[in-house]
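Q: To start, I am sharing the structure in question, which I have written as C-alpha cells.
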Amino acid sequence: IVPVAGLCPQGAYGVQDSLRGGFSSVKNELLPSHPLELSEKNFHLNQDKMNLSTLRNIQGLHAPLKLQMEYRAARQIQRLPFLQSSHLALDTLRGSDDVIGFEDILSDPAQSEMMGEPHLMVEYKLGLL
C-alpha cells in the first residue's frame, strides 16, 4: 500500500508530518468524559440565548438587538494589548459585576504568563508587523 500525500494524516514514512500539518494535540482528540461536560462548557452561551429569547418574547425584537449591540460595543473597549482588560462594562451589562468567581481570584494580572514587548504587541495589534 502506497500512502497518498494529503489523504492520510501520516506522512510518507508512517509518522505525522508536523511541518505541513502542525503538531497533534491529544486534547483535541479527547471525547467528553461526562454527559454534562459539553453543557457546562457552553453554559454562558446557552444562558445568553435563553435571556435574549425571553427578552424578545416580553419586549419585542428591538430589545435583544439593542442589547447585542451594547455587548459588541463593550467587548471592543480594551486596554493596550500588553495590559489585561477587566471588561467591567461587559460584566455590568450582563449583571455579573457583583459575582465573585473562580477567574476573579486566580487570574491576577501580576501573575499572568502573558509577558511581551509592549511596542511589538501594539504594532502587531495595529497590523504594522
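Q: When Lys and Arg each count +1 and Asp and Glu each count -1, what net charge do the other residues less than 14 Å away from K125, Cβ to Cβ, add up to?
A: Computed value for this residue: -1.
Q: Quick check: net charge around T92, other residues with Cβ under 11 Å of its Cβ, Lys/Arg +1 and Asp/Glu -1?
A: Combined, the nearby Lys, Arg, Asp and Glu give -3.
Q: Kindly provide the Kirkwood hydrodynamic radius of the range 36-117 in Å, to one decimal, from all pairs of distinct alpha carbon atoms.
A: 15.0 Å is the Kirkwood radius here.
Q: Rounded if a/c is under 1.5, else prolate if a/b beats b/c, else oblate: with a ≥ b ≥ c from the C-alpha gyration tensor eigenvalues square-rooted, which is the range 35-76?
A: Working: a/c = 5.49, a/b = 1.52, b/c = 3.62.
Oblate is the answer for the range 35-76, as a/c is 1.5 or above yet b/c matches or exceeds a/b.
Readers should treat all values here as calculations from the given coordinates under stated rules, not as data from a laboratory. From a predicted model like this one, the values you see are computed outputs, not experimental measurements. Counting neighbours? That spans all protein chains shown, and the Cβs are built from the backbone with ideal geometry, glycine included.
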